[in-house]
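What follows is one structure encoded as structure tokens, with my remarks underneath.
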Amino acid sequence: MCAIAGYYYSAGAPPDATLLSRMVDIQRHRGPDGVGYVFLDPTGHQQPEPHRTLARVSTMARRAGLALGHRRLAILDRSDRAHQPMASADGVDWLVYNGEIYNYRELREELRAKGYHFRSASDTEVLLTAYREWGIGCVKRFNGMFAFALWDGTSHRLVCGRDRFGEKPFYYVWNEQCFAFGSEIKALLPVLGQRGPDQELIYAYLDRGALDASDRTMLSGVRQLPPAHMLVVENGRLAINPYWQLPSCERETTGTFDAAVETFASLFRDSVRLRLRSDVPVGSCLSGGLDSSSIVCTMHRLLAEDRDATRNAPDTGQHVFSSCFQDAAYDERRYRDHVVRETGVTTHDVFPDDTILADDIPRVVWHQEEPFGSTSVFAQWCVMRTASEQGLKVLLDGQGADELLAGYHGFFGPVLADLIRNGRWASLIREYGSYRRLHGAWPRYVYANFARAMLPAAFVRTVRGRMTGSARWMDREFRQRWRDDDEPGVELEGTVLQRMQAMLLTGNGLRALLHYEDRNAMAFGIETRLPFLDHRLVEFVWPLPNHHKIRDGITKVLLREAMKGVLPEPVRQRVDKMGFVTPEDRWFRAGLREMTGALLHDSRTATRGYVNIKTARKDFQAHVTGRVNIGNTLWRWLNLELWCRQFLDEDPCARSPSTAAMNSADAALLPHETEAGL
């Protein structure tokens with residue numbers, strides 16, 4: 001897990017070498033264990049020039065049209081043999097890479113059988129060698145998360161790739177003369193020049209909380225490589241093409257439910273096994289829900305069976321980290337503790353609160369880089385900080401399970417829509433009755449998802465605007481100018497449930513959650529690994545029929561059956577869905593009240609032209625007095641304005657975000673000038 005950056009000038013004068021240092025240094029929190037650079041002549045006439053410091057860079061390097069940089073978080077093969085940028089054995093190809101290829105051992109043995117030799121025990125060298133053997137198609141063989149840039153010195157092209165779901169980020173700027181890339185948006189600001197917002201994306205964020213719904217970012221001119229895509233810069237041209245997609249839902253699934261359970265259990269166990277490979281201790285997040293509990297209990301069994309599962313990692317016991325609240329409405333420790341008693345893991349409880357959030361907001365916004373959905377992101381931030389304080393560098397987490405296994409209660413809407421479309425009225429009545437018996441009345445989001453399946457899109461958008469209030473509090477001129485009647489989407493097939501799952505797995509839903517997770521973890525130099533996003537697991541589960549996922553008012557029936565005898569029964573059989581939540585409404589009446597009120601009375605907020613300030617102030621006062629609960633809406637106003645101030649009004653690369661709660665350890669993770677004399 002690391003940070004990558006670089007530039008490739010195909011025309012015009014190349015920049016001074018210190019540009020690369022600025023791009024790399026701003027991401028030092030992602031890789032505190034080392035730094036490296038290489039300067040290359042794209043024509044191949046000059047020898048590559050690698051450096052670990054830019055104190056003595058030659059004239060050639062300062063004029064190099066191609067440069068790669070890297071910050072290292074050492075997880076596999078922590079020796080200098082795995083240092084990046086890494087060259088091929090003949091020195092022709094060069095690679096910078098962020099992520100983990102979990103099946104690197106199997107690939108290494110396959111490549112050895114073909115005659116290749118390895119100097120390190122790293123997955124980085126496996127990636128580099130795999131490209132030499134299989135070319136661009138090598139990514140189809142990788143089971144992992146990755147973002148990389150590889151200079152192919154034979155073909156004189158820069159090849160970049162991103163993993164199937166976008167666990168690892170890859171941003172770039174392209175103007176037909178220069179291609180620049182980085183693991184974070186901030187890394188590209190020295191190249192971008194003038195900064196401005198993408199107004200259409202800001203509208204989408206305010207209207208429906210959309211983030212990462214396309215290859216665009218909130219900063220105009222900065223793009224992201226879509227998940228499951230390759231990018232090639234060659235002969236002054238840029239080409240982007242997909243290499244993977246969800247399997248066809250037309251695939252025949254004639255097996256029994258019991259057979260599906262057996263296959264799922266085997267794939268899930270192997271996914272966790274692969275993600276335990278590490279040369280440092282591996283911990284886990286643990287909420288008490290089905291997903292994280294399944295991971296922790298499976299980890300416990302694997303570690304008990306085979307201490308070699310983690311190879312050289314020291315045996316420090318299994319540590320888990322939980323976000324907790326004193327209010328039982330937001331706390332899952334009553335379920336979490338069943339898992340703790342079953343496994344004997346060491347627990348670390350984290351108690352996020354509004355006063356800490358008010359102090360930490362500048363740092364969280366700086367690291368997240370784009371406005372985000374809710375204060376639950378802050379709860380995850382606190383978990384990652386505590387894990388870092390305990391010395392952990394790797395955590396397993398349960399992201400992707402709800403999207404894959406239909407764990408959100410909102411999925412009941414599409415399930416009922418499918419039953420209506422297929423004329424299965426008896427099943428409809430039974431499913432509806434089961435939901436009411438187990439969960440009570442339908443919440444609004446179940447109705448909303450049912451409406452999306454059954455009603456015209458334009459009508460649904462109008463109703464949504466009225467239900468969320470955005471039609472009232474958003475500035476009228478801004479809304480009329482940027483309203484997107486044709487929301488971005490993907491070509492989908494299958495049942496209504498499968499289409500909604502595909503939209504979340506490959507579109508705005510999961511990509512936004514992975515964005516949050518990556519930034520929160522990497523802010524503290526932590527690598528998170530997500531067993532439910534093993535592509536083998538996804539390819540098996542997604543095409544399965546609805547009743548393998550939701551049945552009789554119960555979600556995730558496949559996972560529940562697969563975890564029989566593994567999970568404690570109170571956890572396996574729980575039917576409520578809490579999610580990763582915070583008391584957001586209450587926080588805006590307490591610790592966030594003063595800050596929000598001040599921003600709504602600040603002329604800078606009004607002049608943005610995004611929010612109708614008069615209406616917003618009235619709505620805020622109604623929330624403070626308890627007449628309404630609109631904490632999520634208030635968060636969007638607050639978060640967007642704080643982002644604008646850091647990323648538009650100021651230069652986030654020039655100075656660190658201020659916060660009263662920052663300590664010396666925190667300050668060390670923030671950007672500062674290096675000995676290279678930037």
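The values are calculated or read from the model by the stated rules, or taken from the named source; none is laboratory data. Computed from a predicted structure; not experimentally measured. Glycine gets a Cβ as well: all are built from the backbone with ideal geometry, and neighbour counts include every protein chain shown. For accessibility, only protein heavy atoms count, side chains too; no ligands or nucleic acids. Shrake-Rupley method; radii C 1.70, N 1.55, O 1.52, S 1.80 Å.
Numbers at a glance
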| quantity | calculated |
| --- | --- |
| Restricting the range 89-148 to residues that are closer than 13 Å to Arg162 by Cα and of a type in the set (S, T, N, Q), the residue that is farthest from the chain's Cα centre (by Cα) | Asn143 |
| Residue count, the range 24-57 (criterion: open to solvent by 30 Å² or more (accessible area, probe 1.4 Å) and among the hydroxyl-bearing types (Ser, Thr, Tyr)) | 2 |
| Exclusive hit being modelled with pLDDT under 95, within 30 Å of Ala523 (Cβ to Cβ) and surrounded by fewer than 24 Cβ atoms within 10 Å (Cβ to Cβ), set Ala17, Ala13 | Ala17 |
| Residue satisfying condition, being modelled with pLDDT of 95 or more, among the aliphatic types (A, V, I, L, M) and out of contact with any strand residue (DSSP E or B) (no Cβ under 8 Å at 6 or more places or on another chain), within set Val320, Val365 | Val365 |
| Helices (runs of 4 or more DSSP H) wholly inside the range 505-564 that include at least 2 residues being closer than 14 Å to Gln399 by Cβ and open to solvent by 10 Å² or more (accessible area, probe 1.4 Å) | 508-522 |
| Candidate set: the range 603-635, residues that are touching a residue at least 12 places away in the same chain (Cβ under 8 Å) and not in a helix (DSSP H, G or I); chosen: the one most open to solvent (accessible area, probe 1.4 Å) | Asn629 |
| The one condition in (1) open to solvent by 10 Å² or more (accessible area, probe 1.4 Å); (2) of a type in the set (Phe, Trp, Tyr); (3) within 22 Å of the chain's Cα centre (by Cα) that Trp381 fails to fulfil | (1) |
| Residue under evaluation Gly423, criteria (1) at pLDDT below 95; (2) part of a loop (DSSP other than H, G, I, E, B); (3) on the phi < 0 side of the Ramachandran plot, criterion not met | (3) |
| Residues within the range 434-456 that are in contact (Cβ under 8 Å) with a residue 12 or more places away in the chain and open to solvent by less than 80 Å² (accessible area, probe 1.4 Å), tallied | 13 |
| Set Val320, Val394: member being open to solvent by less than 10 Å² (accessible area, probe 1.4 Å) and under 22 Å from Thr582 (Cβ atoms) | Val320 |
| Count of the range 352-405 residues which are charged (D, E, K, R), touching a Phe, Trp or Tyr at 6+ places or on another chain (Cβ under 6 Å) and either part of a loop (DSSP other than H, G, I, E, B) or without any contact (Cβ under 8 Å) to a residue 12 or more places away in the chain (or both) | 0 |
| Test: residue in the range 138-154 that is of a type in the set (A, V, I, L, M), crowded, with 23+ Cβ neighbours inside 10 Å and in contact with a Cys (Cβ under 6 Å, 6 or more places away or on another chain) | yes |
| Given (1) surrounded by fewer than 20 Cβ atoms within 10 Å (Cβ to Cβ); (2) at pLDDT below 95; (3) under 21 Å from Gln390 (Cβ atoms), number of the condition Glu252 does not satisfy | (3) |
| Test for Arg56: is it part of a loop (DSSP other than H, G, I, E, B) and of a type in the set (Lys, Arg) | yes |
| Unique residue being of a type outside the set (Asp, Glu) and in contact with a strand residue (DSSP E or B) (Cβ under 9 Å, 6 or more places away or on another chain) when the list is Ser284, Ser294 | Ser284 |
| Lone qualifier among Glu167, Glu176 - being assigned to a loop (DSSP other than H, G, I, E, B), in contact (Cβ under 8 Å) with a residue 24 or more places away in the chain and in contact with a helix residue (DSSP H, G or I) (Cβ under 7 Å, 6 or more places away or on another chain) | Glu167 |
